[in-house]
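The values are calculated or read from the model by the stated rules, or taken from the named source; none is laboratory data. On a predicted model such as this, the values are computed, not experimentally measured, just so you know. Neighbour counts are summed over all protein chains in view; Cβ atoms, including those assigned to glycine, are modelled from backbone coordinates with ideal geometry. These accessible areas exclude ligands, DNA and RNA; they are computed on the full protein's heavy atoms, side chains included. Shrake-Rupley method; radii C 1.70, N 1.55, O 1.52, S 1.80 Å.
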Amino acid sequence: MDRVSTLLLEALKASLSEEQVSWEEEITGAQWRELFQMAEDHQILPMIFEAVYNCPSIQSCDPGILALVRSNIRRGVTLQTMKTMEFLALYKQLRSVGVTPCVVKGIICRNLYPKPDYRYSGDEDIYIPEEQFPSCCEAMLSNGMIPADKEQNMQKDYEVPFARKGSPLYVEVHKHMFAPDEAAYCEFNRYFDDVHDRLIRLNIGGTELLAMPHTDHFFFLICHAFKHFIHGGFGIRQVCDIFRYAEVYGNQIDWDYVYSACREVRADVFAAAMLKIGQVYLNFDSEKAHLTEQWLKLMQVDPTHMAEDLLAAGVFGQAEESRKQSSTITVSAITAQKQGRKERSGVMSALFPPRYTLSGRYPYLHKYPFLLPVAWGSRMIGFMLHRKERGTDVSKSLEIGNERLNLMKEYGILK
């Protein structure tokens, strides 16, 4: 692990304990810039800056960079506070018309941190019974929320994002928690289809929110990280969400159920590795989480390679275009395993991914699946035209994809 990654983890560990680092060793100006950029990529810049701004080594950082970081943090925290307040007001309106939105991730995860709005959320997610979608949509529209994608088939798609003009609020309404047509992980939905019958209530910011029971929500956080892992990867923030959730609600989590469910979807070693990263680098307290002997034994896994991968990935595997493009290789391999067929070569998977992998980027494939060759052609032209400015390189995507296939074998996801 390189030095800047190590510094990031040290600062994050201090922040989670509401402490500051006391670095005295030399840190170059370039390393400070890289540290702050890495923190921004992982959407934890306020937490990192709070932990480092008073250490002796900060003297080597360009004052202009520090001023810019402070400005970015003020703007980011203000926007996050605005989003939180607007979401809570919107949520009350949805409840007032009989919609029962189950809040997932977002504000619930933020509430696990010493300063919730220092943990940024790009959006808020709510999960509703499918039959409530018309009334939910009507309530959204009447409260100034409009569909973020005007071309989207709102009735057919499993999630519909809404935004508000002139506002930072962005809300994704889920009819299912995972894409039903994504063979690599559509099976996850069966664990959450009946969760509306047993919702719990959490009070956050003076507002009563409906949420999954803690066992279900914790398992969902694992599944959500798993989904991003088999795409481009996921960042350190999701690891923090998971082990913080375990520490806060561990005595209410059915660890035997989570262990069994994780084994069923080949995510048991993967989940243990995330907890181990928390333990090794970020002071995760397994006793506070009430972990069982099964989990403690499973956590003997070496988390080094996963830690290196997630630090390189950024918050949702968005750190670089080549990494995002490599997801066609990894998703294709997982899909082939689940369908009991032989996987195509990495080159074929990268250049000619299946329709469900491209339908997000080329929505016309939902309605006209026979246009898949057109999408392949458009994708290849995009590679050629924008390779330099977007950092896209087919050979690098293949290299990253093959490395990540080995990583998935190491953590038991692929055979």
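Here are the numbers:
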{"item": "In the stretch 174-207, the residues that are more than 16 Å from Phe220 (Cα to Cα) and not in a helix (DSSP H, G or I)", "result": "Asp181, Glu182, Ala183, Arg201, Leu202, Asn203, Ile204, Gly205, Gly206, Thr207"}
{"item": "Looking only at the stretch 41-55, and only at residues there that are part of a helix (DSSP H, G or I) and modelled with pLDDT of 95 or more, the one that is most open to solvent (accessible area, probe 1.4 Å)", "result": "Glu50"}
{"item": "Residue count for the stretch 256-266, restricted to those that are without any contact (Cβ under 8 Å) to a residue 60 or more places away in the chain and either of a type in the set (Ser, Thr, Tyr) or open to solvent by 10 Å² or more (accessible area, probe 1.4 Å) (or both)", "result": "6"}
{"item": "Residues of the stretch 267-309 that turn out to be among the basic types (Lys, Arg), open to solvent by 80 Å² or more (accessible area, probe 1.4 Å) and closer than 23 Å to Lys415 by Cβ, as a count", "result": "1"}
{"item": "Cross-chain or 6+ apart pairs with Cβ under 8 Å, the stretch 80-107 first and of a type in the set (Gly, Ala, Ser), then open to solvent by less than 10 Å² (accessible area, probe 1.4 Å) and assigned to a strand (DSSP E or B)", "result": "Gly106/Glu124; Gly106/Asp125"}
{"item": "Verdict on Tyr127 being under 30 Å from Glu19 (Cβ atoms) and either touching a residue at least 24 places away in the same chain (Cβ under 8 Å) or surrounded by fewer than 16 Cβ atoms within 10 Å (Cβ to Cβ) (or both)", "result": "no"}
{"item": "All positions within the stretch 73-98 that are outside any helix (DSSP H, G or I) and open to solvent by less than 80 Å² (accessible area, probe 1.4 Å)", "result": "Gly98"}
{"item": "Test: residue in the stretch 62-72 that is surrounded by 16 or more Cβ atoms within 10 Å (Cβ to Cβ), within 30 Å of Thr6 (Cα to Cα) and at pLDDT below 95", "result": "no"}
